[in-house]
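Comments concern the structure below.
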Amino acid sequence: MSRKWKKFGELTGKCYMSLAGLEKSLNCWDEAFEALKEAVAAERKEEPEYAAELYELDEETDYEYDVQGWLEDYLDDLDMRESKEKLLEVCDELIGLFRWEEERPSDIRFLKASALRDLGRAEEAVAFCEKWLAQEPDDHVAVAAGIYAFLEIRNMEAAEGLIRQHIHEDTKCTDENDILFTAAAIYYKAAGKKEEEERVQKELDAYEEELEALFDGFDGEDDEMEFF
């Protein structure tokens, strides 16, 4: 395994120390990402097919660095710090770094579309989402990103068209499509369609209540385990 992984590990340690207030530099996040790319490049120089899929990085490194977990935290950090240009750059690099044949980069693409909108590049966001939807028309994350993008340019017909394609009167909100229901609720509120907004929001509320009940059940199990 490339020695560059050691550098990546040291830098990710600094990243989490910075979150705890024990490290002053925020550049460690960007530096760690550069170190990650260098480590992957070094491995692929020896073995071109090395970690073709993102999840394989953790398998190849015996889960020593929690690469996927760190990448999620890095993207969250960029998003929270409003570093939209950097977020857009990192999303593009990640999409280009792996094949994405076994797993889809839906969350990364969603962040890219959001960054484009936040940067005032709404037309680019729309074009990106249209291409994405053409490739994966049933991806609920893609549909939600498309709704937000169309709403940004006030193309209400296109946004509502996406909603009606995927949310019908008997469609229930689940863990697979809650992102779509959230986008629909925001759209209907912006469009001033109160009846539709209430219907969608009712489904969202019912789903959240189910989640709360589920987590309450888990808490009860934990309490029982502690008792025994």
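The values are calculated or read from the model by the stated rules, or taken from the named source; none is laboratory data. Since the structure is predicted, the reported quantities are computational estimates derived from the model, not experimental observations. Neighbour counts are summed over all protein chains in view; Cβ atoms, including those assigned to glycine, are modelled from backbone coordinates with ideal geometry. For the accessible areas, the whole protein counts, side chains as well, though only heavy atoms, and no ligand, DNA or RNA atoms are used. Shrake-Rupley method; radii C 1.70, N 1.55, O 1.52, S 1.80 Å.
Assorted remarks:
- For the residue pairs LYS7/LYS112; LYS14/LYS86; LYS172/LYS202, the alpha carbons lie more than 21 Å apart in LYS7/LYS112.
- Volume per residue of the convex hull around the Cα atoms, evaluated for the stretch 125-175, comes out as 74 Å³.
- Hydrodynamic analysis of the stretch 7-138 uses the Kirkwood radius over alpha carbon pairs. Inserted into Stokes-Einstein at 10 °C and 1.306 mPa s, it gives a translational diffusion coefficient of 100 µm²/s.
- The radius of gyration of the Cα set in the stretch 60-182, together with its Dmax, comes out at 15.4, 49 angstrom.
- Over the stretch 60-114, the ratio between the Cα radius of gyration and 2.2 N^0.38 Å evaluates to 1.16.
- The figure for HIS166 is an accessible area of roughly 30 square angstrom, using a 1.4 Å probe on the protein chains alone.
- With the biggest extent put first, the Cα atoms of the stretch 153-197 measure 28, 19, 16 Å across the principal axes.
- Take the convex hull of the alpha carbons in the chain; its mean projected area over all directions comes to 16.2 nm².
- Taking the protein heavy atoms of the stretch 43-202 in the context of the full set of protein chains, the accessible area attributed to carbon and sulfur is 43 percent at 1.4 Å.
- Extended-chain gain in nm, criterion 0.36 nm per residue less alpha-carbon gap, ALA213 and GLN165: 14.3 nm
- For the chain, the dipole from Cβ point charges (+1 on Lys and Arg, -1 on Asp and Glu) about the Cα centre works out to 1600 debye, to the nearest 20.
- Remark: relative contact order (the chain) = 10 percent; criterion is Cα-Cα distance under 8 angstrom and separation of 6 or more residues.
- Computed over the stretch 5-79, the quotient of the alpha carbon radius of gyration and 2.2 N^0.38 Å is 1.11.
- Two-site label geometry, ASP79 and ASN27: point separation in nm, points 7 Å out along Cα→Cβ: 2.7
- Dipole-positive endmost among LEU162, PHE98, ILE108 within the stretch 71-163 (Cβ charges, Cα centre): LEU162
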